[in-house]
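Data first, discussion second: the structure below is written as C-alpha cells.
The values are calculated or read from the model by the stated rules, or taken from the named source; none is laboratory data. Given the structure is predicted, the values throughout are model-derived calculations rather than measurements. A quick note on method: Cβ atoms are made from the backbone with ideal geometry, for glycine too, and the neighbour counts reach across all protein chains shown. Side chains included, ligands, DNA and RNA excluded: accessible areas come from the protein's heavy atoms. Shrake-Rupley method; radii C 1.70, N 1.55, O 1.52, S 1.80 Å.
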Amino acid sequence: MSSTLESRSADVPSIPAPHQLGSRRAPSQKRAAAWMLAPAAVLLVTFVLIPIALTFALAFTDSKLVSPQPIRFIGFDNFTRIFADATFWKSLRNTVVFAVFVVPLQAGFALGLALLINTKIKGVNFFRTIYFLPVVTSMVVVAILWTFLYQPNGLINSLLLKIGIHGPDWLGDTHTALAAIIFMSIWQNVGFHMVIWLSGLQTIPSSLYEASSLDGASTWQNFKWVTWPGLKQTRTFILITITIAALALFTQINIMTQGGPLDSTSTVVYQAVRAGFQQQQTGYASAISLVFFVIVLMVSLVQRFLTRDKDQVR
C-alpha cells in the first residue's frame, strides 16, 4: 500500500512556490512593458530630446540650413547679436504685451461665461456648444477668416460704416494690428477655458451655497467666499495654460501679418522660425530659442511661487 502511494505521489507534478512564479513572470512582464514603452520612447527621443540637444549645440555655432561652409564654433556671438538686435526687442515686447492682455481678459471672459451657463435651464447645452465651437475649429482656418473680416472693405468696417465710423486697416496699421490679433485670439480660445472653469464650478459642493444663503449672503459674497476659493486649483491650471499659449504665439502671426507692419506684430517664436527657415540661420535661431526658453522658465518659476500652497509652506 505504501509503495502504491509513493508511486502516485511521484507522478504528481510539484507546485512551484509563489516567489518562484513571480521570478518566472518578471522577465516576460518586463519585456512586455519595454515593448509597450518603446514607441513612446522613440518619439520622445526623436522629437523632444534630440531637438533640445541640437538647439543647445547649434546656439554656439554659425550653422546655416544650407551652406557649403562647415559649421564653426563662435561662442557667444549669437547671443551678443540677439541683445543688439532691435527686432528681437520688438518681438519680446510684443510677446509680453500679448500675454499681459490675453491672460487676464481670456481668463475673465471664460469665467464669466462659465458662471452664466452653470445653470440647469432649458437650452443651456446649446450655448455651451456655441461658445466652444471656435475651439474645435483649426486656428489656421480662424486666422484666414478673420483676415478677411479685418480687411479695409471687410465685414467689420462695413458694420462700423453703418453707424458712421470709418474703420482703419486693422492688420495694416501699426497701432491696431497687435490689438486685432489679441481680440481674435481671445475669441478663439475663450471657450476652451470656459469648459475648464465650468468643470471646476461643478466640483464645488452645493451645500456650501445652501449654508451661505441661510446666512443671508449676497451673490457677490457667494462668489467671493465660496466660488473663488473653490476654484483655486482650477485657476492655477488656467493661468499656466493661458500663459504658455500666449508666449508661444506664432500661427496667427504667420498667417495674418507675417510679423508686420514694421515688426509691430513680430513675436519671439515667429522671429526664431523666420531666422531658422526663411533666413536659414539655424545657429542664430537656436540662440533665440534658447533665450526664449530661459524667459519662459523664469516666468514659470514666478508663477509657481505666486500660486504655491501657502498653508503647506507654513
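Here are some notes:
- All of Met36, Met1 fail the test of being farther than 30 Å from Ile288 by Cβ, of a type in the set (A, V, I, L, M) and modelled with pLDDT of 85 or more, apart from Met36.
- Scanning segment 251-290 for residues that are under 26 Å from Asp77 (Cα atoms) and open to solvent by 30 Å² or more (accessible area, probe 1.4 Å) turns up Leu262, Asp263, Val269, Val273, Arg274, Phe277, Gln278, Gln279, Gln280, Gln281, Ser289.
- Selection status of Val299, assigned to a helix (DSSP H, G or I), surrounded by fewer than 20 Cβ atoms within 10 Å (Cβ to Cβ) and out of contact with any strand residue (DSSP E or B) (no Cβ under 6 Å at 6 or more places or on another chain): yes
- Set side by side, the residues Val273, Val268 differ, and just one is more than 15 Å from the chain's Cα centre (by Cα), within 15 Å of Val96 (Cβ to Cβ) and at pLDDT 90 or above, which is Val268.
- Scanning segment 115-130 for residues that are over 13 Å from Ile196 (Cα atoms) and either assigned to a helix (DSSP H, G or I) or in contact with a Lys or Arg (Cβ under 7 Å, 6 or more places away or on another chain) (or both) yields a total of 7.
- Taking first residues from segment 60-74 that are open to solvent by 50 Å² or more (accessible area, probe 1.4 Å) and partners that are part of a loop (DSSP other than H, G, I, E, B) and of a type in the set (S, T, N, Q), the Cβ contacts under 7 Å between residues at least 6 apart in sequence or on separate chains come to Lys64/Gln280; Lys64/Gln281; Leu65/Gln280; Val66/Gln280; Ile71/Ser63.
- Filter result (assigned to a loop (DSSP other than H, G, I, E, B), open to solvent by 60 Å² or more (accessible area, probe 1.4 Å) and closer than 14 Å to Leu115 by Cα) within segment 182-240: Gln202, Thr203
- Within segment 160-181, being crowded, with 21+ Cβ neighbours inside 10 Å and part of a loop (DSSP other than H, G, I, E, B) holds for Trp170, Leu171.
- Boolean, Phe109 is over 18 Å from Thr265 (Cβ atoms), open to solvent by 90 Å² or more (accessible area, probe 1.4 Å) and free of Cβ contacts under 8 Å to residues at least 12 places away in the same chain: no
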